[in-house]
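Reviewing the structure listed below.
Bear in mind these aren't lab numbers, they're just calculated from the coordinates by the rules spelled out. None of the values given here were measured: they were computed from a predicted structure. Cβ: placed from backbone, ideal geometry, glycine included. Neighbour counts: every protein chain shown.
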Amino acid sequence: MPRLIGVISAKGGVGKTTVVSNLSVALAKVFHKRVTVVDCNITTPHLSLHFGTYSHPITLDNVLRDEASIEQAIFEHSTGVKIVPASLNLSDLTGVDISILDRKFNNMFQGEDFVFLDTAPGFGKEAVSAIRACDEALIVTTPDIPAVTDVLKEKKVLEELEVKPIGIILNKVTGNKFELREIEITQITELPILVKIPYDKKILQSLAVKMPLVVYDYRSNAGLEFLSLAKILAGYTEESFYIPKLSFFQRLKRVFRRS
């Protein structure tokens with residue numbers, strides 16, 4: 001049975017879709033897992049854009065209108081990740097009932113190791129319908145008071161829907177003094193922080209070339225954190241799987257290249 005994991009956030013702009021795309025590719029390419037990702041943010045879908053694709057003959061919108069099956073909506077990316085996109089066309093929202101998502105996923109994705117649902121932000125019908133279809137959830141947030149406070153609301157929703165929170169992905173970390181510290185966030189939320197992904201311009205570069213960061217530059221600061229997150233979910237320990245880091249001379253060369 002696959003692990004059906006929702007990647008959720010209470011507010012937009014925290015980098016949830018970036019996490020989904022890079023985590024799924026890391027699991028597929030580095031850890032050789034069978035991975036499917038589903039864009040459940042049907043109002044403002046972006047997942048397929050992170051994989052450099054823009055047009056799909058069959059999407060999740062067609063599935064939710066009973067015009068196609070999930071299998072027909074899946075396409076496989078060159079990284080090995082299978083993707084169920086949502087339509088980028090606003091008119092395709094007509095007749096879509098997102099509340100039946102959990103029924104559409106019933107007994108689906110057999111043979112997969114992981115299925116990630118990229119949910120809509122917030123706690124509206126679109127987001128809650130996707131969360132209800134999950135067994136577990138990863139919470140993406142940034143290290144500021146409003147975003148971390150919203151994690152408490154997310155915990156409450158997950159509890160009511162009987163979805164297990166795996167932990168927090170702390171994203172866009174700059175290291176500035178005004179950011180909440182890791183210990184403060186864990187004390188507020190009572191959830192573990194799985195990884196701290198730094199703010200990294202390489203992510204924007206990777207989007208521009210239509211390639212997930214872990215393919216574009218896995219040794220970037222953020223890329224290494226995505227690999228660490230994949231390692232945690234894949235069940236590897238530090239001793240059983242080594243992720244190579246930059247040597248001192250490689251780091252020095254990078255500094256001079258930027259100067």
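Over the chain, dividing the summed -39,500 (n - 2.57) contributions of all DSSP H runs of at least 4 residues by the number of residues returns a 222 nm mean residue ellipticity of -10500 deg cm²/dmol.
Using C-alpha pairs below 8 Å separated by at least 6 residues, the relative contact order for the range 3-258 is 24 percent.
Farthest toward the positive end of the dipole of the range 3-258, out of 69, 45, 106, is the Cα of 45, where the dipole comes from beta carbon charges about the Cα centre. A DSSP coil position with no more than 13 other Cβ atoms inside 10 Å describes the following GluC sites (Glu not before Pro) in the range 19-110: 67. Note on residue 97 and residue 144: their simple-model spin labels are 3.9 nm apart, each label 7 Å out from Cα toward Cβ. Each Lys and Arg Cβ is given +1 and each Asp and Glu Cβ -1; about its Cα centre, the chain then shows a dipole of about 1340 debye.
For the chain, DSSP calls about 5 percent of its internal beta bridges antiparallel. Sequence-ordered 3J(HN,Hα) estimates for the range 12-19 from the Karplus curve with 6.51, -1.76 and 1.60 and θ = phi - 60° stand at x, x, 8, x, 4, 5, 4, 5 Hz, glycine and proline given as x. Of the trypsin sites (Lys or Arg not before Pro) found in the range 130-185, the ones in coil according to DSSP and having at most 13 other Cβ atoms within 10 Å of their Cβ are 177, 181.
With 31 Å as the limit, write out which pairs from 82/125; 29/156; 156/210; 104/196; 104/153; 29/153 have Cα-Cα distances beyond it, or answer none. Listed pairs above 31 Å: 29/156; 156/210; 104/196; 29/153.
Sorting 217, 97 from the fewest to the most surrounding beta carbons within 10 angstrom yields 97, 217. Quick one: Cα centre-to-centre distance for the range 194-216 and the range 165-192, in angstrom? Each part's Cα centre sits 20 Å from the other's. In angstrom, the C-alpha Rg and Dmax of the chain are 18.0, 57.
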